[in-house]
Every structure is written in C-alpha cells, then in structure tokens.
Amino acid sequence: MKKIGILLLALIGTTMSYGQLAKIVDKDGYVNVREKGNANSNIVGKVNSGEIVLLFDVDESNPNWSTIDTGISNEMGGYVHNSRLKRLETYTHIPLISSTNNELKYSGSNIDITISMGAFDYKKNKSKFSKHQGTNFLWEYNGQEMRGTDGTEPTKHYTSIKVKQKGIDIVLPTKAYENMFQPSDAEYTACYYDKTDNTIYLTANNSDGAGSYTVVWVFKNGKYEYNDVFILF
C-alpha cells in the first residue's frame with residue numbers, strides 16, 4: 001500500500017494533474033526518496049535512474065522538492081529534489097495525426113503509433129475473469145490485475161497497439177495492454193520521445209472515478225521494455 005500520509009496530503013492540498021509523469025535522472029544511478037522535502041529528512045526508499053514516477057505538487061513551502069508516487073511495480077511515496085526529475089512532457093512530442101472513436105494515430109521523429117480500441121464483450125470473455133476473494137468484485141483478467149473498472153464489468157478495451165520506429169515494427173505483447181480497460185481518447189493519451197536515450201514513452205490517463213489510472217509503456221532501442229501503472233486511490 002502506498003504511503004497514506006502522502007496520498008491524504010495530495011487529496012487535501014491539490015487535485016491530481018493528469019499527465020504529470022517524470023523520469024528519474026541521476027548520475028549516481030538512483031535517487032533517494034525522503035519523508036519530507038529536505039535533504040536531512042529520513043530516506044524512505046530509492047528509485048533507480050530512468051524509472052518513471054507520478055508527480056504531486058502539494059508543498060509550496062518547499063519549491064525545490066516534489067512529492068512523487070511510484071507505479072504499482074514498486075509502490076512508494078515521498079519527496080524527491082526537482083533537479084532529479086525530468087518531466088516526460090519536456091521531451092519531443094509525437095503529434096497526433098488522426099483520431100476517431102476507435103483509433104488514434106501518432107507520427108513524427110520516425111515513429112508511428114496506432115492505438116485501436118473497441119467495445120468489450122464481457123459475456124464472451126467472462127471465463128477469463130476472476131473475482132477478489134470473498135467478494136463479487138472482478139479482480140483479474142487472464143491472470144493479471146485488471147485496471148479501469150473498480151471491480152465492475154468493463155465496456156471498452158484496447159484491441160491493439162502498434163508501434164514502428166524507422167519503419168520497423170516493435171512487438172508489444174498482448175499481455176502489456178489486455179488488462180487495461182476503459183481506455184481514453186486523444187485528449188488523455190500522449191507520446192514522447194527521448195532522443196538521447198532513444199526511448200519512446202506512450203502514456204494514457206484512463207477511466208474515471210475510483211477506476212482511474214495512468215499507464216506508461218516504455219520502448220527503448222527499438223524494443224518494448226515494460227509498462228507501469230499509477231493509481232491515486
């Protein structure tokens with residue numbers, strides 16, 4: 001469970017700003033996450049350089065520090081000095097070239113991305129779901145914790161995500177997105193390119209209410225590396 005104090009402070013002090021993802025950048029290979037926004041505060045954990053975190057700006061008395069939350073792969077909350085944070089939105093933006101209810105296309109910097117979405121047939125796929133122990137809440141899809149519905153039946157899903165760099169397909173396994181339900185439209189989807197590290201970041205802020213989540217897919221040197229999910233609640 002993420003640090004309750006950090007979450008409560010974020011909820012009371014601000015409203016989460018979608019898209020505020022940042023990369024940890026530190027020559028030592030990692031950054032210390034501290035309990036409070038100063039260099040003498042207790043260290044609550046470490047985040048490796050290159051990892052993606054979600055930012056909260058909740059403490060105006062410490063303008064050089066930001067509150068961060070890590071993804072579900074390494075759940076942690078605390079303060080990081082701003083000099084160790086590089087917001088994804090400051091990298092090269094891959095522009096949206098077309099958008100429909102079921103398809104988003106991005107192209108630029110020799111990168112082409114096509115995101116396809118559609119209605120989800122729950123009855124047809126019911127056997128792939130499992131429920132949370134002792135409840136009727138849907139919990140997993142195909143062995144992975146599902147995102148986007150807060151335990152109810154999903155109505156929309158990604159049907160495919162295709163990525164090309166310099167005309168070469170980057171294979172994204174179905175497992176990387178099949179449990180990410182209720183995908184959003186172009187307003188809440190973005191793609192960025194870090195030319196220095198040859199890394200593509202595809203981000204989406206999906207669903208709403210208690211089911212809302214942010215996901216980032218990371219592609220480096222022409223290969224899919226990983227995804228991570230950030231949940232406020």
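Would you pick out the residues in the range 65-112 that are under 30 Å from residue 152 (Cα atoms) and outside any loop (DSSP other than H, G, I, E, B)?
The first filter runs over the range 65-112 and keeps only residues under 30 Å from residue 152 (Cα atoms), leaving 68-77, 99-105.
Within the range 65-112, 68, 69, 70, 72, 73, 74, 77, 99, 103, 104, 105 meet the criteria.
Among the strands (runs of 3 or more DSSP E) contained in the range 175-233, which hold 1 or more residues that are of a type outside the set (Asp, Glu) and free of Cβ contacts under 8 Å to residues at least 60 places away in the same chain?
Hits in the range 175-233: 199-206, 213-220, 223-230.
When you check residue 118 against the structure, is it surrounded by fewer than 16 Cβ atoms within 10 Å (Cβ to Cβ), assigned by TED's automatic domain parsing to the domain that holds residue 207 and in contact with a strand residue (DSSP E or B) (Cβ under 9 Å, 6 or more places away or on another chain), yes or no?
Yes.
Could you please tell me which pairs satisfy a Cβ distance under 8 Å, a separation of 6+ or placement on different chains, a first residue in the range 17-30 that is more than 20 Å from residue 201 (Cβ to Cβ), and a second residue that is at pLDDT below 95 and charged (D, E, K, R)?
No pair meets every condition.
So residue 125 passes all but one of these: (1) part of a loop (DSSP other than H, G, I, E, B); (2) over 29 Å from residue 220 (Cβ atoms); (3) of a type outside the set (Gly, Ala, Ser). Which condition number does it fail?
So residue 125 meets the others, but not (1).
Take the residues in the range 167-187 that are in contact with a Gly (Cβ under 8 Å, 6 or more places away or on another chain) and more than 12 Å from residue 148 (Cβ to Cβ), then tell me which one is surrounded by the fewest Cβ atoms within 10 Å (Cβ to Cβ).
So the residue we want is 168.
The values are calculated or read from the model by the stated rules, or taken from the named source; none is laboratory data. Fair warning: this is a prediction, and the values are worked out from it, not measured in the lab. Positions of Cβ are backbone-derived with ideal geometry, glycine not excepted, and every protein chain shown enters the neighbour counts.
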